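Bear in mind that the values in this text are calculations on the coordinates, not laboratory data. For clarity, every value in this text was computed on a predicted model and none was experimentally measured. Because the Cβ atoms are built from the backbone with ideal geometry, glycine has one as well, and the counts that use them run over all protein chains shown.
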Amino acid sequence: MRNRRWIPGIAKNAAIAAAALGLGLLLAACSMEVALTDVSSEPRFQPLIGERFEIIGPVYAYGIRHHSGAPVEYVTLLPPPGIGGYEVGFEAPLATGSVLTIAKVVKTNLVFDNGLAFIVTLEGTTLPAAVPVRVELNRGNEGNGSAELNPDIYRRVPARSR
């Protein structure tokens with residue numbers, strides 16, 4: 001009979017250990033460097049390269065850096081509400097009618113999204129040309145499919161006739 005009192009204590013300690021391990025893994029995932037792998041040559045992504053989209057909804061460009069004194073490493077495009085913090089070097093609204101062209105499709109190692117982003121070029125903006133621009137398919141940018149943009153914000157521009 002005495003040993004039965006130990007079981008709830010063991011279960012409680014195991015639950016606490018599992019929660020601590022889970023929290024530790026979550027924190028490690030949040031602080032890890034984002035790795036990008038170019039998957040543009042995969043058959044399902046090849047047709048996306050060169051596709052053009054007009055911005056028809058509210059979108060902001062955020063210059064992202066490692067810390068407040070560092071230069072901007074890349075620009076990410078996001079619809080409201082957007083982001084803030086020391087990593088944001090600048091925030092600039094993009095004009096409706098600006099056009100982006102998909103240059104690459106990359107996979108990310110981010111844990112809580114679909115893991116895809118587009119590297120794009122932009123027309124009709126004054127953003128720094130030397131800094132890569134990403135559209136990560138999360139936070140409102142994603143459409144219905146795994147590699148689609150939100151049609152309420154980005155409208156596909158028909159291919160130019162040659």
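Taking 0.36 nm per residue of separation and subtracting the Cα-Cα distance, what length does fully extending residue 35 through residue 87 add?
My answer for the length gained is 17.0 nm.
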Item to check | Residue-count net charge about residue 128 - beta-carbon cut-off 15 Å; Lys, Arg +1, Asp, Glu -1 | outcome: -1
Checklist entry - Once amide H atoms are built 1.01 Å from N in the peptide plane, which residues 5 or more positions from residue 157, or in another chain, come under 5 Å H to H? => result 52, 53, 54
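Would you kindly state how much longer the chain becomes between residue 66 and residue 107 on full extension, computed as 0.36 nm times their sequence separation minus their alpha carbon distance, in nm to one decimal? Walk me through the numbers on the way to the answer.
Working: separation 41, 0.36 × 41 = 14.76 nm, distance 2.03 nm.
Gain on extension, residue 66 to residue 107, equals 12.7 nm.
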Item to check | ³J(HN,Hα) computed for each position of segment 150-158 - Karplus, 6.51 cos²θ - 1.76 cosθ + 1.60, integer Hz, glycine/proline x | outcome: 5, x, 7, 10, 10, 10, 4, 9, x
Checklist entry - Of the listed peptides 91-98, 116-123, what is their order by residue-averaged count of other C-beta atoms within 10 Å, with the highest listed first? => result 116-123, 91-98
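Rank-order 35-48, 138-151 by packing density, defined as the average count of other C-beta atoms within 10 Å over each peptide's residues, highest first. Intermediate results must be reported in sequence, preceding the final value.
Numbers: 35-48: 12.2, 138-151: 15.4.
For the peptides 35-48, 138-151, the packing ranking is 138-151, 35-48.
I'd like the FRET efficiency for residue 121 and residue 152, computed as 1/(1 + (r/R0)^6) with the beta carbon distance as r and R0 of 22 Å, rounded to 0.05. Walk me through the intermediate numbers first.
Values: r = 22 Å, r/R0 = 1.01.
In this case the efficiency is close to 0.50.
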